[in-house]
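Asker: For reference, the structure I am asking about is given below.
The values are calculated or read from the model by the stated rules, or taken from the named source; none is laboratory data. On a predicted model such as this, the values are computed, not experimentally measured, just so you know. Using ideal geometry, Cβ is built from the backbone for each residue, glycine included, and neighbour counts are taken over all protein chains shown. For accessibility, only protein heavy atoms count, side chains too; no ligands or nucleic acids. Shrake-Rupley method; radii C 1.70, N 1.55, O 1.52, S 1.80 Å.
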Amino acid sequence: MGITSLLYARRQIPRISDNSRSGYDSGLTPSSSRPGSPGSKTTSFSPAQAPAATAAASHTITSLIGRSDKVEVLRAIEGLPPQFLTGATVTAAWDRLAQRTVSSGPRAPHLPPLHTDRAFLLLLERTRELLLDLSPGHCASIVGNLAKLRYRPDDSFLTTLLSSCRAREERQTFGQAARLASGLARLDYILENDELERLARIMDERMKVMDLDSLHPESLSLGLWSLAVLGKLSEPGMEGLRDGLVKAAIVRLDAVHMEATAVGLGQGPVLSEGKAKNLVRICRQLRIALLFLPPPAATAAAFAGVPAASRCSLYSGSAGSSSSTTTTTTTLSSLPSSSLSSTELLRLRINQIWLDLGAWLDPVRPSRLQTDVETTLRSNGAFFTREWEDGVVTVDIALHPLPVPEGSEGEKKEGTVRQPVALEVDGPSHFFVNHPQRPTGDTKIKHQALRLSQQWSAIISLPHFEWPRARMGGKQKKPRQQQLACLRRKVAQTGLEPGDFLV
């Protein structure tokens, strides 16, 4: 029997019902389907065949790139004996499951949600068994993919994974440390201070000795974003690392912008779609990271007396042009100084590039839940703006104060709210799939970024499970009164007066 036949000898495994799934919650394979056990359909093979079989298993997973949906990936995992799910194949499997793919056909009716599928649980348990043997690159990839899938493993899983990275610290690159830190932040994992210190030190050491032209812009933005949102760059003694990351971001952002821009034939700059959309993601991360950094001390003095039209020219002689106009190695020590702080230079560069990206911003598609909330607000006569751009992040709904009639007592009342309220409609995608009422790290960081922007009188999170829904059966009526009561309660919980925003 060939190697491929051996690998797929277990494919015909009967499905299990939900009430008998408890045997898979631990991730263990049932005895009836383990190789060599009674009832197993796996054909034994010699040890000499193991390397070839392992290679075939890895190829089985990686061959699904770009042409298969998650259903096929799960079934391929289910058909492989556990001993063939090595570090490389496990990482490849997580990559495929987290990849955004368009299903080639209708979802199989028997397939449960991804995180409760038997193959998913087997893969998770096999990954747990391999944690201490995984390389730093594999660890960073697995954490990032779990964050994309919004699956929050238990703390012991992530602690063991960090122990594996700590044991191989000398092999950990800047990009691997950055992806690991960002993935843990998105998984809402509380890093111990010494562990966060270690990741920051690795990024600092690697960046000082490497050629900046070889530093991937996305890895750099992830490193700056993660250390900023986790609060590390705001601590005393982190000034050098903070300044180094920001200066490196200026250089690499300028370089990736030039790579994404091609000179059109008499039509000016033309952005390639793939590189432009990647640049959008990088700029979004950097804009949020800047919110979490301490404000520069001399920003106002640096801009004093400088015309707005001349501020762009201040940048042209600074760090941004060195990587694209010279062929010498660019390092942090070779960057010229500027009258502006590095954070202000980065903010200027992001704003300049953002003007080129307007056509590549993904159109906002409000969810059905958000549309329902807007309909309720509209029926109440409330003043609101959907998808409000506050300069850094997009707010689902900006709820504006009701206008006060001229000459009324309310106009003279002290403490009248004039700033809008940021209303975030948090649907299921804002929570972990295995903890449906626990917000993801991305959701928490966005709410914190809105608070730091200081443009809002309050930040309100409206989880989908708190929103009153219309009940099916009989004549369906939307519970507008209950929904309005929910909104009033949410406003009151912030300490504001609901009557300032809702009739």
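Asker: Roughly how many Å² of Thr160 are accessible to a 1.4 Å probe, to the nearest 10?
Answerer: Approximately 50 Å² for this residue.
Asker: Would you mind putting 132-141, 458-467, 276-285 in packing order, based on average other-beta-carbon counts within 10 Å, highest first?
Answerer: Ranked from most to least packed, the peptides come out as 132-141, 276-285, 458-467.
Asker: Amide H neighbours of Arg168 under 5 Å, at least 5 residues apart or on other chains, H built in the peptide plane: list them.
Answerer: Sorted by chain and number, the residues that satisfy this come to none at all.
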